[in-house]
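The structure under discussion appears below in the form of structure tokens.
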Amino acid sequence: MTQSTRVAAVVSAAAVSVFLTGAAAADGLDFAMGEAIFERLWVQAPSSTQAADGLGPLYNARSCAACHPGGGGGRPPDGTVPEDRGIGFVLRLGDDPVYGRQLQTLGTSGLAPEGQVDVTWRDEKVAFPDGSYALLRRPAYAVRALAYGPLGVAPDAVSARVAPPVRGLGLLERVPDAAILAAADPDDRDGDGVSGRPNRVAGYDGAPALGRFGWKAAHPTVESQNGEAFSLDVGMSSPHHREAWGDCTAAQEACRGAPHGDQPQFEGLEIPSSLMTVLTAYVEGLPPAGGLEPPADRDGDALFDRAGCAACHRPVLVTGDDPAAPHLSNRTIFPYTDLLLHDLGDDLGDGVAAGEATGREWRTAPLWGMGRSAAEDGRLALLHDGRARSVAEAILWHGGEAAAARRRFMEMPRAERERLVRFVLSL
Ligand code: HEC
Ligand code: HEC
């Protein structure tokens, strides 16, 4: 199956055709090219196909699609089979003097991968007031086979992440800053226990920009997120991450000295700006797997609201005007996010800050397409590290600003809880 038929298969045909009338009709060729770049398996340099070399030298996967199959997300290793590394599962390191910002688990020939991550899961019972209970699994991460000496960062300054789905992002990108900032309430003036603040990060030009993408809203644009993916995940240089060695630090001399794929005809890079532009237009144009229409289940919607979920998972946003992308402009969308950061408590916290986001803060995850966001193998793996296997588990991990919403969920009669979960899966 090609990427676009895969995406089409998971999104209602009607929604896709409406969505793409503006885009693909004019830019069908670009869309196909963008898809090809997203799916391309990069190879190590030097190779006879110069157009596809430059992988690594240290990397986590050979293609975008390896971690975001069909534009979807990943899942963590299940911990029972040693060779199961999950899908799109990575370990961020804060900023390690030797290992850099992420542990690369693969290396080109002759170069040792940085190490491997083992996950063990511990079952935890959560009892509902009505006597029923749910089973959560709490992850513990261990790094082994470190090839470049011990880690320099503290063991709790690491953060496991799964790849989120990459659909509908061009729409989220075009929601005006002002609309996002209007919902921020950093000092909780309305006293509802939910604050919500924007992440401020450095844009390409160095000026402060509003972060929107990634689990901690660390990236202001889809392009900046894509550039970082090439660098951290695939080990390739592009206009804003010009190092051919990706995430290798000065301490990793063999990596920095290994052959690379930078080409004079590619602006001295492995991924020139022309390729980046086409890839980004493609990712921006992937339609969301839901949320282009208002939800049909009004009762479910009311429950969602009553539980306080909508305080963060904002149902409606409206995109601004972008003459260069009419199909993404002036649209009312139902993504169920405010794109703001919230403190969700210790259980979900990690030791890695991003921009102004602390270790305990996460961007409200969009819920649109939730029912279809299972990993390629059909399993649901929710939250930033994929620990939640169901919507109910995801809710039960909510703490901090969301503690009251979690409590309201727990106090609902079972039928209402099920109703709420069904509603989320219908988005
Ligand atoms: C090794 C796995 C891996 C590879 C390869 C990978 N990604 Fe990702 N991707 C991730 C993870 C993990 C995140 C979440 C990062 C975070 O927030 O810490 C992510 C996040 C993203 C996001 C942000 C989504 C959102 O909802 O905000 C985009 C866009 C994205 N990736 C695009 C790409 C592109 C384009 C490529 C290829 C150049 C790529 N990714 C390659 C794992 C991967
Ligand atoms: C205080 C803000 C807040 C409230 C209230 C809240 N959430 Fe969340 N929700 C978040 C954040 C932030 C995340 C991402 C957390 C992470 O990845 O660790 C999230 C993640 C989720 C996820 C997982 C999404 C994914 O793609 O992994 C689901 C499902 C979810 N919330 C449902 C709910 C429901 C249902 C309610 C109401 C009972 C609720 N949330 C209340 C902020 C909130």
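The values are calculated or read from the model by the stated rules, or taken from the named source; none is laboratory data. Because the structure is predicted, anything quoted here is derived from the model rather than measured. No Cβ is skipped: glycine too gets one built from the backbone with ideal geometry, and neighbour counts run over all protein chains shown. When the accessible area is computed, the model is the full protein with side chains, heavy atoms only, and any ligands, DNA or RNA have been set aside. Shrake-Rupley method; radii C 1.70, N 1.55, O 1.52, S 1.80 Å.
Between the C-alpha center of region 140-162 and that of region 168-242 there is a gap of 26 Å. Taking Cα centre as origin and charging only the Cβ of basic (Lys, Arg, +1) and acidic (Asp, Glu, -1) residues, the dipole magnitude of region 190-342 rounds to 220 debye. Rounded to the nearest 20, the size of the Cβ-charge dipole of the chain about its Cα centre is 900 debye, with Lys and Arg at +1 and Asp and Glu at -1. Summing charges over all other residues whose Cβ lies under 13 Å from the Cβ of Ser273, with Lys and Arg as +1 and Asp and Glu as -1, gives -2.
Taking label positions 7 Å along the Cα-Cβ direction at both Tyr204 and Asp299, the computed distance is 5.0 nm, reported to one decimal. In this simple spin-label approximation, Glu39 and Ala145 carry label points 7 Å from Cα along the Cα→Cβ vector, and these lie 2.9 nm apart.
Helix screen, the chain: DSSP H segments with Cα axial length of 20 Å or more and mean Kyte-Doolittle hydropathy at least -1.0 are 24-39. Name the shape class, rounded, prolate or oblate, that the alpha-carbon gyration tensor gives for region 25-144, where a ≥ b ≥ c are the square roots of its eigenvalues, rounded holds for a/c under 1.5, and otherwise prolate holds if a/b is larger than b/c and oblate otherwise. Note, shape of region 25-144 comes out oblate. Peptide packing: for 260-269, 223-232, 241-250, the average count of neighbouring Cβ atoms within 10 Å per residue gives the ranking 223-232, 241-250, 260-269, highest mean first.
From the largest down, the chain spans 63, 51, 42 angstrom on the principal axes of its Cα atoms. Relative to the current alpha-carbon distance between Ser273 and Ala127, full extension at 0.36 nm per residue lengthens the span by 47.2 nm. How are the alpha carbon pair distances in region 182-326 distributed across 5 Å bins from zero to the largest one, expressed in percent? Binned Cα distances yield the sequence 2, 8, 11, 15, 15, 14, 11, 8, 7, 5, 3, 1, 0. For region 244-293 versus region 370-417, the inter-centroid distance based on Cα atoms is 33 Å. Extending 7 Å from the Cα toward the beta-carbon at both Ala179 and Val318 defines two label points whose distance is 0.8 nm. Note: relative contact order over region 223-349, using C-alpha pairs below 8 Å and six or more positions apart, is 15 percent.
Among residues other than Asp96 with Cβ under 11 Å from its Cβ, the summed charge is -1 (Lys and Arg +1, Asp and Glu -1).
For the chain, the 222 nm mean residue ellipticity estimated from helices alone, with every DSSP H stretch of n ≥ 4 adding -39500 (n - 2.57) and the total spread over all residues, rounds to -7000 deg cm²/dmol. Computed over neighbours whose Cβ is under 12 Å from that of Ser390, the net charge equals +4, Lys and Arg +1, Asp and Glu -1. Put +1 on the Cβ of each Lys and Arg and -1 on the Cβ of each Asp and Glu in the chain; which of Gly54, Leu135, Gly72 then has its Cα farthest toward the positive end of the dipole? In the chain, that residue is Leu135. Using the 1.4 Å probe convention, the accessible area of region 168-258 works out to 39 Å² per residue with neighbouring protein chains retained.
When the Cα positions of Val424, Ala184, Gly34 are compared along the charge dipole of the chain, Val424 comes out farthest toward the positive end, with charges on each C-beta of Lys, Arg, Asp and Glu. Rounded, prolate or oblate for region 335-427? Axes are the square roots of the Cα gyration tensor eigenvalues, ordered a ≥ b ≥ c, and the cut-off for rounded is a/c under 1.5. Judged from the Cα gyration tensor, region 335-427 comes out oblate (a/c at least 1.5, b/c at or above a/b).
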